[in-house]
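Working notes, structure below.
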Amino acid sequence: MKLLVTGGAGFIGSNFIRHILDKYPEYKIINLDKITYAGNLENLRDVENNPNYEFFKADICDRNRVASICARGIDCIVNFAAETYVDRSIVNAADFIKTNVSGVHTLLECAKEFETKLFIQIGTDEVYGSRDSGFCREEDILSPSSPYAASKAAADLLVLSYHRTYKLPAIITRSSNNFGPYQFPEKIVSLLITNLLENKKFPLYGDGLNVRDWLYVLDNVGAIDAIMHKGKTGEIYNIASGNLLTNLQVVRIILRIMDKDETFIEHVADRPGHDRRYALDCSKMRNLDWHPVYHFADAIGDTVRWYRENIGWWKPLKDGGQFCHWLKTA
Ligand code: NAD
């Protein structure tokens, strides 16, 4: 199998590439990534000399570059490439529309032209919007709150339209919040751990009672693997682990693991349009025999250990001044 992984130098994409190269030594992977502030070739330093791995620095909006790779005969495109941080989308949505919508359109056009056998679009639970109670199912109406979520919802609709109109064999995944190694240190778990390692406070939005379903990145990667091999085209699959926790609970768990007290929490004004609760019904994934294998407590402990042992990975990113403006005040 020859895979084109787009956005493979980011957090989830790099974990996915490592997983596939380990598990399927006969698969070949081409990683196409623009290397934005969130893309980092250090994430894949350990596999860069693997003969089954190739990297191209390119933008998914660049049709000629994408087409030249698809022309080499790609069996499956897995698209992780996106602008991903809600706060940045609130400051400036332009790049989100460009990459998350126009970029996906370019990939779909190339997949259609070169008759790629499978197109997997990596989506997000944020497209459903906030849900006070109950669990979102894949067929539920989309109600995105942020420009980021709206751009991801637009991408999902485009992918579905290519499946219906052109019979493009496509699948969409919608996962909950991921945490784990190689996450750019601006998202809640990676920012919190790295701030604590630097003895700095962590800015907690509002009352901290926003609920998310915390998914270890390796569980998400395992789910995408299951979908790639057993998923049905035209389908959407929710992916979560059932670890519904408020941000404050996650912060307290990590403070405890890192032996810090609550003086390290700095309460800051809430994010505009901040969704209160996300929760997913994942019964379709159960039909693919997938279930999360990592316990939250173990996975969060491993994650803390990873950031503790890999200061040389995250410190240059934090010192590089790539933070969203209001996080700089943290
Ligand atoms: P990330 O920000 O860590 O990585 C994104 C990668 O895409 C980077 O390597 C970046 O360089 C690359 N990229 C951005 N624009 C590009 C372009 N125009 N052309 C080529 N490459 C480009 O993101 P992540 O957290 O790994 O998320 C990956 C995917 O998973 C995204 O589509 C995101 O919406 C989705 N997702 C993430 C989470 C999460 O908790 N992190 C949850 C649900 C869904």
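As a summary of the residue check, residue 194 satisfies the conditions (1) open to solvent by 10 Å² or more (accessible area, probe 1.4 Å); (2) farther than 30 Å from residue 111 by Cα; (3) touching a residue at least 40 places away in the same chain (Cβ under 8 Å) except for the one numbered (1). Of the conditions (1) farther than 18 Å from residue 273 by Cβ; (2) in contact (Cβ under 8 Å) with a residue 60 or more places away in the chain; (3) within 16 Å of the ligand (Cβ to nearest atom); (4) outside any strand (DSSP E or B), residue 163 satisfies every one except a single condition; which number is it? The single condition residue 163 does not satisfy is (3). The conditions are (1) near the ligand (Cβ under 7 Å from one of its atoms); (2) touching an Asp or Glu at 6+ places or on another chain (Cβ under 8 Å); (3) open to solvent by 10 Å² or more (accessible area, probe 1.4 Å), and residue 59 fails exactly one of them. Which is it? With (1) near the ligand (Cβ under 7 Å from one of its atoms); (2) touching an Asp or Glu at 6+ places or on another chain (Cβ under 8 Å); (3) open to solvent by 10 Å² or more (accessible area, probe 1.4 Å) applied to residue 59, the lone miss is (2).
Looking across the stretch 136-160, the residues that are touching a strand residue (DSSP E or B) at 6+ places or on another chain (Cβ under 9 Å) and within 20 Å of residue 120 (Cα to Cα) come down to 137, 138, 139, 148, 149, 152, 153, 155, 156, 158, 159, 160. Screening the stretch 197-275 for strands (runs of 3 or more DSSP E) wholly inside it with 1 or more residues that are surrounded by 18 or more Cβ atoms within 10 Å (Cβ to Cβ) and among the polar types (S, T, N, Q) returns the ranges 236-239. Among the residues of the stretch 122-151, the ones that are over 18 Å from residue 237 (Cα atoms), in contact with a helix residue (DSSP H, G or I) (Cβ under 7 Å, 6 or more places away or on another chain) and part of a loop (DSSP other than H, G, I, E, B) come to 1 in all.
Restricting 48, 54, 26, 42 to residues that are within 18 Å of the chain's Cα centre (by Cα), surrounded by fewer than 20 Cβ atoms within 10 Å (Cβ to Cβ) and over 17 Å from residue 84 (Cα atoms) narrows the list to 42.
Can you tell me which residue among 72, 65 is open to solvent by 60 Å² or more (accessible area, probe 1.4 Å), charged (D, E, K, R), within 11 Å of the ligand (Cβ to nearest atom) and closer than 25 Å to residue 167 by Cα? Steps first, answer last, please.
Working: 72 fails: within 11 Å of the ligand (Cβ to nearest atom).
Just one listed residue meets the conditions, 65.
Tallying residues that are in a helix (DSSP H, G or I), within 10 Å of the ligand (Cβ to nearest atom) and among the aliphatic types (A, V, I, L, M) within the stretch 6-43 yields 2.
The values are calculated or read from the model by the stated rules, or taken from the named source; none is laboratory data. If you're wondering where the values come from, they're calculated on a predicted model, not measured in any experiment. In this analysis, Cβ positions are derived from the backbone assuming ideal geometry, glycine residues included, and neighbour counts consider all displayed protein chains. For the accessible areas, the whole protein counts, side chains as well, though only heavy atoms, and no ligand, DNA or RNA atoms are used. Shrake-Rupley method; radii C 1.70, N 1.55, O 1.52, S 1.80 Å.
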